[in-house]
Amino acid sequence: MMQSFRDNLKGTVAMFLVVLVSIPFIFFGVDSLFTGDAKSGQAASINGDVVSEDQVRRAIGMQRDQLSQRFGDQLPADFLSDERLRGPAVDGLVSRQLRIQGATEGRMTISDKALDALIVGAPAFQVDGKFDPQRFTYMVQSMGYTASGYREMIRQEIISQQYMSSVALGGFVTEQQLAQHVRLSDQTRDFYYVTLPLAPVMAATEIDSAAIDAYYQANQTQYQIPEMVSVKAIELNVADIAAGVEVSDEQVAAQYEENMKSYETAPVRHAAHILVEVEDDTQAQAKLAEIEQALAGGQDFAEVASSFSDDLGTREAGGDLGFTSGDTFPEEFETALAALEVGAVSAPVKTDAGWHVIKLVAIENAELPSLEEEMPTIRMALADSMAQQLFVEKLELLKEEAFKQDDIELVAQTLGVNTVSVPAFSRAGGNGLAADSKVVSAAFSDEVLVDGRISPVLELSETSVAVVRLAEHMPAKVKPLAEVADLIETQLKEEKAQATLSAQGETLLASLATGADVESVAKAAGYDWQVSTGVKRADSRYDRAMLQQVFDMNQSADDEPAYSQVYSQTGDLVLLKLVKVEDGQLENLSAEQRTALAQRLSYDTANAEVLAYEAVLKEAADIKIF
């Protein structure tokens, strides 16, 4: 059995399991498929299968954490709002469920034997290179799973990946596609260019005040300041309350004693086995008889395992399987092991993997942790528990006082908390509390904005609520001309200067189109043409807008030069003369480059196939978003 375990630990499936164990499924929230609360709100339905609000909340939280870790404070606060992240989160969960359904309909599965092998072989569940049942149980329970629920979740994830892999395997690239890709990607172009700088023309351009005023009057919507409000708020959250809760050593000690009464002390058993995998029952019984005879003759169990066991992964270690808490191995195996005394050997036991002769090597009872070890955890748990109770009490008081009072400061005094001032924000939201759409909606509601009332209690999360009251209302208005005059003048100057440059450019290009010499035309206009040869489309030495235009130009059939102009990213006008186009050649690539390119294009094709197939699944599915 263990050799089969090892065999199945090779390849992409094993790698996938490691990923699953490493990232404890926060994004998908899949535990709610097996252990979730049946009363959880429904966020979506996919062909009758439900995605719960709990799953969506976990997905949103995971996305927010990933974005925060990647971008830090660079992202606007409203970019991380629940409303903005909800759509991608729901889409991801819907796609995942469609994959699982497709795999199920395609009758894809993984055997219990292979599944157990993956779990036993996962490094996350091992200690000193061996599967550790206590570590497995701890990690699974910490993620909110039962052992059976965890196994089922792993099964679904693996078969869904098998399903999409079967689609992706259709991704391949032909010789013709490779050649076409290289023809374009490695294509080079020779061209002349001259830059007509914008700055000198702008410096010589004048805009009178009448033109500025006329533009301002005609485009006031560009200079609109949106309606804004600032508010005062009271926020209650469990974390802040817990930070202020004091837990005494006596309370910790009392809770420790209570915890120890129910502490799990089930023993763990150290097992070894001899596996017989012979499919023919007669041959298996003959081999088992040899094993029984060797053991009855006093031969050491480890020596017999080394000689007879078909489990190549453990026989060199005397058949040692490590420890189990009763749910690591197949049920028949665990039942036989539990019936043994230490040092005893079982009669042959049959499972899906074959016949086992099992030895109970040792039994170890779990040691109770000390008060010192448990104190930080217990103190934190008690603080959180007390904070949860206080949160509920304060929440009820907040609802009552916010309804009765118009003065938010008096409400805060009654609750024993402070108000916070939220700087001005528009209907698009702002920073801090104003990044939450519930706060924004409440602040601009008639109840708060018009009537001057304190808002109803807003549930920001499962552990945080808030109320807001208007501090200041700033109606929408147009910025005064004096504030935007310089901006308008610069804009008009740039437009006028670019029109002047464009006219100059058209004149120069017209001269070139009649056959005039490039150098002569450039010198007459006071410019110098630059020559570039063998330039590829990704050459970082050139302005991106200019290079894009160069590769958008087409030569005539008789390879006559082509002319064009384009504004660079800095606003300068660039005149272009394309003189030569040379396609990339596949035969110029080395064997290594060719192989790498084929693999990359195959991957891109496979990825496109997967996305396209997911789109087909989504199109055909009965999907309801609530």
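Here's a check for you: in region 565-593, which residue that is under 28 Å from Gln504 (Cα atoms) and free of Cβ contacts under 8 Å to residues at least 40 places away in the same chain is surrounded by the most Cβ atoms within 10 Å (Cβ to Cβ)?
The residue in question is Val566.
Just for region 305-323: of the residues that are of a type in the set (A, V, I, L, M, F, W, C) and touching a residue at least 40 places away in the same chain (Cβ under 8 Å), which one is nearest to Val349 (Cα to Cα)?
Leu321
Taking the condition within 30 Å of Thr188 (Cα to Cα) and in contact with a Ser or Thr (Cβ under 6 Å, 6 or more places away or on another chain), does Asp543 pass?
Against the criterion (within 30 Å of Thr188 (Cα to Cα) and in contact with a Ser or Thr (Cβ under 6 Å, 6 or more places away or on another chain)), Asp543 qualifies.
Just to verify a result, which residue in region 455-471, among those that are in a loop (DSSP other than H, G, I, E, B) and either outside the structural domain of Val440 (by TED's automatic domain parsing) or more than 14 Å from Ala233 (Cβ to Cβ) (or both), is modelled with the highest pLDDT?
Filtering region 455-471 for residues that are in a loop (DSSP other than H, G, I, E, B) and either outside the structural domain of Val440 (by TED's automatic domain parsing) or more than 14 Å from Ala233 (Cβ to Cβ) (or both), the one modelled with the highest pLDDT comes out as Thr463.
Residue check, Ala284 against (1) out of contact with any Ser or Thr (no Cβ under 9 Å at 6 or more places or on another chain); (2) buried (at least 16 other Cβ atoms within 10 Å of the Cβ); (3) part of a strand (DSSP E or B), all met but one. Which one?
(3) is the only condition that Ala284 fails.
What do you reckon, is Thr328 of a type in the set (Val, Ile, Thr), outside the structural domain of Val127 (by TED's automatic domain parsing) and either at pLDDT below 90 or assigned to a strand (DSSP E or B) (or both)?
yes
Does Val229 qualify as being at pLDDT below 95 and hydrophobic (A, V, I, L, M, F, W, C)?
The answer is no for Val229.
Run Glu257 past the list (1) in contact with a helix residue (DSSP H, G or I) (Cβ under 8 Å, 6 or more places away or on another chain); (2) not assigned by TED's automatic domain parsing to the domain that holds Ala434; (3) not aromatic (Phe, Trp, Tyr) and report the number of the one that doesn't hold.
Among (1) in contact with a helix residue (DSSP H, G or I) (Cβ under 8 Å, 6 or more places away or on another chain); (2) not assigned by TED's automatic domain parsing to the domain that holds Ala434; (3) not aromatic (Phe, Trp, Tyr), Glu257 violates only (1).
Of the conditions (1) assigned to a helix (DSSP H, G or I); (2) in contact with a strand residue (DSSP E or B) (Cβ under 9 Å, 6 or more places away or on another chain), Gly452 satisfies every one except a single condition; which number is it?
So the condition that Gly452 fails would be (1).
I want to confirm something. Restricting to region 472-492 and keeping residues that are in contact with a strand residue (DSSP E or B) (Cβ under 8 Å, 6 or more places away or on another chain) and in a loop (DSSP other than H, G, I, E, B), which single residue is farthest from Thr205 (Cα to Cα)?
Ala476
The values are calculated or read from the model by the stated rules, or taken from the named source; none is laboratory data. Remember, it's a predicted structure, so these values are computed and weren't measured experimentally. All Cβ positions, glycine included, derive from the backbone under ideal geometry; neighbour counts span all protein chains shown.
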